[in-house]
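So the structure is just underneath, and the comments pick up after that.
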Amino acid sequence: MQNQRNRWRPESLRIATGWLVLFLCVGLQGATVVRPSAGEPTPTEKFVMAEITAGRVADLDTAFPDEQRRIVRGAFLEELLAGLRKDCLIHRNGVQIQGAIVRDGVDLRNVQVTNDVRLVGCRFDGEVNLSQCVFDSGFSLSGCTFVSTVNCSGLKVGRDIALKKAVFYGPANFEQLQVAGLLQAGGAAFLSES
């Protein structure tokens, strides 16, 4: 019995604790934080999915004149563009949304988007992260308003990108942007001092 008590001397305990900490640090190094699923779509998001499935523009300005009814969650938009929404079959015309209001952040870093994406006249209140994102087809943010930080560092677009009349109030990073087609940015405004 005395032998077992001496086995866990303070030095042994420190060494064991050190190995445990090292194991946890190395083991968690590759772990990623997974955002919870967007879950059940809101009525507005159901309208968006129905229009996209039919190959039409989801024109929220016309369908929902009340601004409160045009809100689309960032997590929903992330899942939709990444092709993770099993309840939405995206038509060959791609994702076309007009007049959406996205209050929370959108994080599409390192995501490959296979469909053509046209987000026109939308407002993004939270941060938008498109760093290292790949759009295989065209990508438009024409007429969109960005209230917070936009990170498009390393963004790749397989065809044209349109930023016409987009307004960036917060810092915007487009370093290492790669566009296979045209960059259309006439009338875009970058208003942040940083």
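Listed values, structure above:
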| read-out | value |
| --- | --- |
| Residue identified as of a type in the set (D, E, K, R), at pLDDT 95 or above, in contact with a strand residue (DSSP E or B) (Cβ under 9 Å, 6 or more places away or on another chain) and over 16 Å from Leu81 (Cα atoms) among Asp125, Asp116, Asp107, Asp136 | Asp125 |
| Residues within the stretch 169-185 that are part of a strand (DSSP E or B) and surrounded by 15 or more Cβ atoms within 10 Å (Cβ to Cβ), tallied | 4 |
| Subset of the stretch 138-165 (residues that are of a type in the set (Gly, Ala, Ser) and in contact with a Phe, Trp or Tyr (Cβ under 7 Å, 6 or more places away or on another chain)) | Gly158 |
| Residues located in the stretch 95-110, provided they are assigned to a loop (DSSP other than H, G, I, E, B) and not aliphatic (A, V, I, L, M) | Gly99, Arg103, Asp104, Gly105, Arg109, Asn110 |
| Options Glu67, Glu78: the member that is in contact (Cβ under 8 Å) with a residue 24 or more places away in the chain and more than 13 Å from the chain's Cα centre (by Cα) | Glu67 |
| Count of the stretch 107-118 residues which are of a type outside the set (S, T, N, Q), open to solvent by 10 Å² or more (accessible area, probe 1.4 Å) and either over 20 Å from Gly187 (Cβ atoms) or under 14 Å from the mean Cα position of the chain (by Cα) (or both) | 4 |
| Residue in the stretch 39-48 that is in contact with a strand residue (DSSP E or B) (Cβ under 6 Å, 6 or more places away or on another chain), buried (at least 17 other Cβ atoms within 10 Å of the Cβ) and either closer than 18 Å to Ala162 by Cβ or modelled with pLDDT under 95 (or both) present | no |
| Residue count for the stretch 53-64, restricted to those that are without any contact (Cβ under 8 Å) to a residue 24 or more places away in the chain and among the charged types (D, E, K, R) | 0 |
| Whichever residue in the stretch 74-86 is out of contact with any helix residue (DSSP H, G or I) (no Cβ under 7 Å at 6 or more places or on another chain) and assigned to a loop (DSSP other than H, G, I, E, B) and, among such residues, is least open to solvent (accessible area, probe 1.4 Å) | Gly83 |
| Filter result for Ser153 (among the hydroxyl-bearing types (Ser, Thr, Tyr), in a loop (DSSP other than H, G, I, E, B) and open to solvent by 50 Å² or more (accessible area, probe 1.4 Å)) | no |
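The values are calculated or read from the model by the stated rules, or taken from the named source; none is laboratory data. What you see is a predicted model, and the numbers here were worked out from it, not measured in a lab. Cβ atoms come from the backbone with ideal geometry, glycine included; neighbour counts cover every protein chain shown. These area figures cover heavy atoms from the full protein model, side chains too; ligands, DNA and RNA do not enter into them. Shrake-Rupley method; radii C 1.70, N 1.55, O 1.52, S 1.80 Å.
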